[in-house]
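Right, one structure below, let's go through it.
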């Protein structure tokens, strides 16, 4: 191929088509467990976290909820993935061997939100959420009807591989996906560029700005105990029993069971198989949708 601006643009168009096709075809699970909150700035503050909506009888004036009691700020990060292609490979018409590489870049970009969101769950036993406590913690503060504060837990202690039970039935989800700039395939192929002159190569890359963060801890339950029927039942009971301030039930339920690949077998026995290991009917079959995420491994 003659290396000139029109041919390089044509090559980029072909690569971009490969990238977009792989991007669109890639499997993705993050939308099941996260709400999308597009960003328009360097960072976003979620002051409304901690204020579940509630109806009440209208007596006297309206009771206005304060949506700035908490301050949870999520700063956008910049991400990239870049490859170089020798100019000689383009001159010798060998650029086709890079099509799989470009396709894989598209697939990787599409799955990147999964990587961030599910890794966030794994970090939840240590990383802080809006109330200043770890996302999965035994000491979340809650105000009772009499005005006193009580500690609330959304976790099971243990030393086993972590698993998670989430309520993903609402518009608000347990985690936040905050996109700032979309995943964009870019090129650096100007013949006057320093890298072309000095290194005799062209560069192609992906750029995006985004971040992942925690939503309501009440909508997630994390466990380090053995994934079995007894602990699963305890997790479902715990998340369904959670109350908001003033002892108001939150009406939550465990809709999604999230596990790493190593716990897929145990999870299927719990929520997929219709009979248990003893051959009896499995009471938990279909009680939650199973998500097996490689990013929890």
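The values are calculated or read from the model by the stated rules, or taken from the named source; none is laboratory data. The structure presented is a predicted model; accordingly, all values stated were derived computationally and were not measured. Neighbour counts are summed over all protein chains in view; Cβ atoms, including those assigned to glycine, are modelled from backbone coordinates with ideal geometry.
Of all residues in segment 132-154, how many are in a loop (DSSP other than H, G, I, E, B), farther than 16 Å from residue 221 by Cα and touching a residue at least 40 places away in the same chain (Cβ under 8 Å)?
So in segment 132-154, the residues in a loop (DSSP other than H, G, I, E, B) come out as 132-133, 135-139, 144-148, 153-154.
When the remaining residues are screened for being farther than 16 Å from residue 221 by Cα, the result is 132, 144-148.
Those still in the list that are touching a residue at least 40 places away in the same chain (Cβ under 8 Å) too: 144-145.
Total meeting the criteria: 2.
Touching a helix residue (DSSP H, G or I) at 6+ places or on another chain (Cβ under 8 Å), closer than 26 Å to residue 140 by Cα and buried (at least 18 other Cβ atoms within 10 Å of the Cβ): is that true of residue 254 in this structure? Explain how you work it out, then say what you get.
On the way: touching a helix residue (DSSP H, G or I) at 6+ places or on another chain (Cβ under 8 Å): yes; closer than 26 Å to residue 140 by Cα: yes; buried (at least 18 other Cβ atoms within 10 Å of the Cβ): yes.
When the stated conditions are applied, residue 254 passes them.
Identify, by number, the condition in (1) out of contact with any strand residue (DSSP E or B) (no Cβ under 8 Å at 6 or more places or on another chain); (2) at pLDDT below 95 that residue 244 doesn't meet.
It fails just one condition, (1).
Filter segment 181-202 down to the residues that are in contact with a strand residue (DSSP E or B) (Cβ under 9 Å, 6 or more places away or on another chain), outside any loop (DSSP other than H, G, I, E, B) and closer than 20 Å to residue 95 by Cβ and list them by number.
Within segment 181-202, 185, 186, 187, 188, 195, 196, 199, 201, 202 qualify.
What residue, of 2, 8, is at pLDDT below 95 and in a loop (DSSP other than H, G, I, E, B)?
Values: 8 fails: in a loop (DSSP other than H, G, I, E, B).
After ruling out the rest, the residue left standing is 2.
Counting only residues that are closer than 22 Å to residue 1 by Cβ, touching a helix residue (DSSP H, G or I) at 6+ places or on another chain (Cβ under 6 Å) and not in a helix (DSSP H, G or I), how many does segment 84-129 have?
Adding up the residues that qualify gives 1.
Would you check which residues across segment 238-284 are within 30 Å of residue 113 (Cβ to Cβ) and free of Cβ contacts under 8 Å to residues at least 60 places away in the same chain and list them? Explain how you work it out, then say what you get.
First pass over segment 238-284, keeping only residues within 30 Å of residue 113 (Cβ to Cβ): 238-240, 242, 244, 250-272, 284.
Hits for segment 238-284 are 240, 251, 261, 264, 265, 266, 268, 269, 270, 271, 272, 284.
Looking only at segment 88-115, filter to residues that are buried (at least 17 other Cβ atoms within 10 Å of the Cβ) and over 25 Å from the mean Cα position of the chain (by Cα); which one of those is modelled with the lowest pLDDT?
The extreme case among them is 95.
Would you check which residues across segment 175-189 are over 30 Å from residue 122 (Cβ atoms) and touching a residue at least 40 places away in the same chain (Cβ under 8 Å) and list them? Break it down stepwise before answering.
So the first thing to find is which residues in segment 175-189 are over 30 Å from residue 122 (Cβ atoms), and the list is 186-189.
Once the filter is applied, which keeps residues that are over 30 Å from residue 122 (Cβ atoms) and touching a residue at least 40 places away in the same chain (Cβ under 8 Å), segment 175-189 yields 187, 189.
Condition test on residue 168, is it touching a strand residue (DSSP E or B) at 6+ places or on another chain (Cβ under 7 Å), more than 22 Å from residue 266 (Cβ to Cβ) and either surrounded by 16 or more Cβ atoms within 10 Å (Cβ to Cβ) or modelled with pLDDT under 95 (or both)?
no
Restricting attention to segment 146-162, does a residue exist that is at pLDDT 95 or above, crowded, with 23+ Cβ neighbours inside 10 Å and within 18 Å of residue 73 (Cβ to Cβ)?
Checked against the condition, which is being at pLDDT 95 or above, crowded, with 23+ Cβ neighbours inside 10 Å and within 18 Å of residue 73 (Cβ to Cβ), segment 146-162 yields no hits at all.
Within segment 120-151, count every residue that is closer than 22 Å to residue 46 by Cα and touching a strand residue (DSSP E or B) at 6+ places or on another chain (Cβ under 8 Å).
To start, the set of residues in segment 120-151 that are closer than 22 Å to residue 46 by Cα comprises 120-137, 139-143.
After this cut, where a residue has to be touching a strand residue (DSSP E or B) at 6+ places or on another chain (Cβ under 8 Å) as well, the list is 120-121, 124-131, 133-137, 139-143.
Matching residues across segment 120-151 total 20.
Please specify each residue of segment 247-263 satisfying the condition of being under 21 Å from residue 234 (Cβ atoms) and in contact with a strand residue (DSSP E or B) (Cβ under 7 Å, 6 or more places away or on another chain).
Within segment 247-263, 249, 250, 254, 255, 256, 257, 258, 259, 263 qualify.
Results for (1) touching a helix residue (DSSP H, G or I) at 6+ places or on another chain (Cβ under 7 Å); (2) more than 30 Å from residue 164 (Cβ to Cβ), shown as yes or no for each residue.
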{"residue": "184", "(1), (2)": "no, yes"}
{"residue": "187", "(1), (2)": "yes, yes"}
{"residue": "193", "(1), (2)": "no, yes"}
{"residue": "209", "(1), (2)": "no, no"}
{"residue": "222", "(1), (2)": "yes, no"}
{"residue": "227", "(1), (2)": "yes, no"}
